[in-house]
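The values are calculated or read from the model by the stated rules, or taken from the named source; none is laboratory data. All of these numbers come straight from a predicted model, not from anything done at the bench. Please note: Cβ atoms are built from the backbone with ideal geometry, for glycine as well, and neighbour counts cover all protein chains shown.
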Amino acid sequence: MKIQHSVFGNFQDKDISLYELHNDNGMVVKIMNYGATITSITIPKKEDGRSELVCGFDTFENYFSEEYINNAPYFGCTVGRYASRIKDGQFKIDGKTYKLAINNAPNHLHGGIVGFDKKVWPARMTSTEDIVGVEMSLNSPHMDEGYPGNVSIKVNFLLNNRNELTINYEAETDQTTPISLTNHTYFNLSGFKETIGNHTATIEAKSFLTPDETNVPVGEVTMVDGTTADLRSGKVLEEAFEVLKTGFEHYYVFDKDENILGKVAEFKDNSSGRKLIISTSEPGALFYTGFYTSEELKRESGSQYGKFRAFCFETSRYPNGPNISNSPGSVTKPGEKFISTTVFKIKW
């Protein structure tokens with residue numbers, strides 16, 4: 001196993017670092033410290049060469065292209081201070097209303113205009129005999145994008161020889177504040193040879209949060225029994241797309257104990273046989289199949305992005321959690337520690 005470091009670009013007179021994590025099986029994960037962003041995950045092909053399994057770019061400049069900024073798909077980044085949408089860009093804590101940026105009208109999305117995905121994270125490499133990794137940290141000041149409290153965050157990316165990429169999140173605050181962190185990587189297990197239509201998706205959840213007319217949950221739950229959204233026994237996505245014309249953008253509530261790390265989902269590319277197995281300590285995840293991703297976006301090597309070309313599985317606290325009563329762990333208090341783990345395991 002090994003880890004490599006190089007300069008990937010420059011942002012506001014700061015060098016941006018790219019870290020390459022290599023395991024002994026040929027799996028390589030690349031992460032830059034702008035946005036604590038996964039830019040690439042590759043594995044060896046059976047015949048020859050390598051397969052790229054995620055959306056991203058090989059040059060720093062392409063993360064600032066007009067097409068990318070206008071579409072804002074958040075490829076591979078760490079999202080915060082609060083993942084997904086907050087209704088009407090506001091919430092109350094201890095009777096006080098806090099107003100956030102409306103960057104996904106009429107709602108607040110993924111931490112605001114300059115969320116954690118647009119910050120430079122100081123980083124340090126870590127390694128043991130069995131693991132290579134990089135730890136990235138960030139300080140989010142009081143009223144950053146409208147959120148109360150000074151918050152310190154650490155995100156650890158760890159790769160082992162079981163082909164598991166583990167992401168550990170920690171955060172502490174000096175004031176009660178909403179915190180929900182996730183990684184926004186888009187996967188295509190075919191190596192972008194095909195759409196994700198020939199992927200079988202299995203998600204261990206009997207319900208999802210019901211969105212309102214602005215696509216934000218407000219507290220109601222929909223049971224998946226008898227619906228196209230029931231993925232407990234596995235479903236080929238192209239069959240689901242025949243009914244769900246814009247695909248999935250569902251926050252699934254998992255059938256497991258809260259805060260306990262456990263398997264929640266499995267995805268299989270039926271052409272190559274490759275699998276992605278996901279375990280998490282989070283209460284649920286937003287499963288998004290990329291309907292609104294721009295067809296103008298592609299990797300420099302030619303991998304085509306766009307509608308149904310990749311999927312996200314954003315493990316997190318409830319979207320709009322600060323406004324939903326009894327939403328688990330959506331608010332962190334002083335003296336508490338926000339802790340979260342998600343593991344992406346690839347089989348080929």
Single residue of segment 15-66 satisfying the filter (of a type in the set (D, E, K, R) and at pLDDT below 95) that is farthest from Gly133 (Cα to Cα) | Glu47
Evaluate segment 307-322: report whether one residue or more is modelled with pLDDT under 95, part of a loop (DSSP other than H, G, I, E, B) and within 20 Å of Lys193 (Cβ to Cβ).
-> no
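Where residues in segment 13-36 are assigned to a loop (DSSP other than H, G, I, E, B) and touching a Ser or Thr at 6+ places or on another chain (Cβ under 9 Å), which of them is surrounded by the fewest Cβ atoms within 10 Å (Cβ to Cβ)?
Per the stated criteria, the residue is Gly26.
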Which of the residues that make up segment 263-288 are assigned to a loop (DSSP other than H, G, I, E, B) and within 21 Å of Asn320 (Cβ to Cβ)?
-> Ser281, Glu282, Pro283
Got a number for residues in segment 39-80 being touching a strand residue (DSSP E or B) at 6+ places or on another chain (Cβ under 8 Å), over 18 Å from Phe157 (Cα atoms) and outside any strand (DSSP E or B)?
-> 8
Please state which of the following conditions Asp130 fails to meet, knowing it meets all the rest: (1) at pLDDT below 95; (2) within 27 Å of Asn326 (Cα to Cα).
-> (2)
For residues in segment 202-230 being under 21 Å from Ile102 (Cβ atoms) and acidic (Asp, Glu), which is surrounded by the fewest Cβ atoms within 10 Å (Cβ to Cβ)?
-> Glu213
Tally, over segment 126-152, of residues that are more than 30 Å from Gly26 (Cα to Cα), acidic (Asp, Glu) and not in a strand (DSSP E or B) = 1
Per the list (1) touching a His at 6+ places or on another chain (Cβ under 6 Å); (2) over 20 Å from Glu145 (Cα atoms), residue check on Phe60 breaks on (1)
Of all residues in segment 137-186 being charged (D, E, K, R) and within 18 Å of Ala101 (Cα to Cα), which is surrounded by the fewest Cβ atoms within 10 Å (Cβ to Cβ)?
-> Glu145
Selection over segment 104-125 where residues are touching a residue at least 12 places away in the same chain (Cβ under 8 Å) and not in a strand (DSSP E or B) yields a count of 13
Filter result (crowded, with 18+ Cβ neighbours inside 10 Å and more than 14 Å from the chain's Cα centre (by Cα)) within segment 282-298 = Pro283, Thr293, Leu297, Lys298
Among residues of segment 291-348 being acidic (Asp, Glu) and out of contact with any Gly (no Cβ under 6 Å at 6 or more places or on another chain), the residue nearest to Asn160 (Cα to Cα) is Glu314
Looking at segment 201-220, is at least one residue in contact with an Asp or Glu (Cβ under 9 Å, 6 or more places away or on another chain) and closer than 30 Å to Asp48 by Cα?
-> yes
All but one of (1) of a type in the set (Ser, Thr, Tyr); (2) over 17 Å from Asn188 (Cβ atoms); (3) touching a residue at least 12 places away in the same chain (Cβ under 8 Å) hold for Thr97, so report the exception by its number.
-> (3)
Are any residues in segment 231-257 closer than 21 Å to Thr293 by Cβ, touching a residue at least 40 places away in the same chain (Cβ under 8 Å) and surrounded by fewer than 19 Cβ atoms within 10 Å (Cβ to Cβ), and if so, which ones?
-> Glu238, Thr246, Glu249
Restricting the first residue to segment 298-310 and requiring it to be closer than 20 Å to Phe287 by Cα, which pairs with a second residue that is among the aliphatic types (A, V, I, L, M) and buried (at least 19 other Cβ atoms within 10 Å of the Cβ) meet a Cβ separation below 6 Å and a spacing of at least six or different chains?
-> Tyr305/Leu297; Phe308/Ile196
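Pick from segment 103-130 the residues that are of a type outside the set (Asp, Glu) and over 25 Å from Tyr186 (Cβ atoms): which of them is nearest to the chain's Cα centre (by Cα)?
Step by step, filter segment 103-130, then rank; the result is Pro122.
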Those residues of segment 90-103 which are surrounded by 15 or more Cβ atoms within 10 Å (Cβ to Cβ), part of a strand (DSSP E or B) and either at pLDDT below 95 or of a type in the set (Val, Ile, Thr) (or both) amount to Ile93
